[in-house]
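A.B. asks: Take a look at this one; I'll ask things after.
The values are calculated or read from the model by the stated rules, or taken from the named source; none is laboratory data. Owing to the predicted nature of the structure, the values given are computational and were not obtained by experimental measurement. Backbone-built Cβ (ideal geometry, glycine too); neighbour counts: all protein chains shown.
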Amino acid sequence: MEQNQHEQRRAADQEFQKSLDQLQQILQNDSTQTEETPQSPTDHEGDRQIAETSSIIDLDVWEDAVADIDQYLQQKGKS
């Protein structure tokens with residue numbers, strides 16, 4: 001049974017690391033896109049729409065990350 005717990009911990013750790021890597025990659029891509037996109041002072045409506053869309057996407061990413069972290073901590077707590 002100890003072998004099984006070790007395998008579960010390892011699998012949970014791998015999933016957690018994978019989620020963190022994905023989150024980091026998304027944040028880096030978002031940061032790069034923000035830096036590369038020149039801002040036009042006359043395009044305020046477009047900026048607002050982009051900000052709203054980005055917030056929704058970022059919120060979904062954060063919620064997924066939190067869910068992964070919760071799952072990891074629950075798995076770790078059961079051990």
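A.B. asks: Residue check, Leu73 against (1) of a type in the set (A, V, I, L, M, F, W, C); (2) at pLDDT below 85; (3) out of contact with any helix residue (DSSP H, G or I) (no Cβ under 7 Å at 6 or more places or on another chain), all met but one. Which one?
C.D. replies: Here Leu73 clears every test but (2).
A.B. asks: Further question on the same structure: Residues in region 33-51: is at least one polar (S, T, N, Q), part of a helix (DSSP H, G or I) and modelled with pLDDT of 80 or more?
C.D. replies: No - not one qualifying residue is present in region 33-51.
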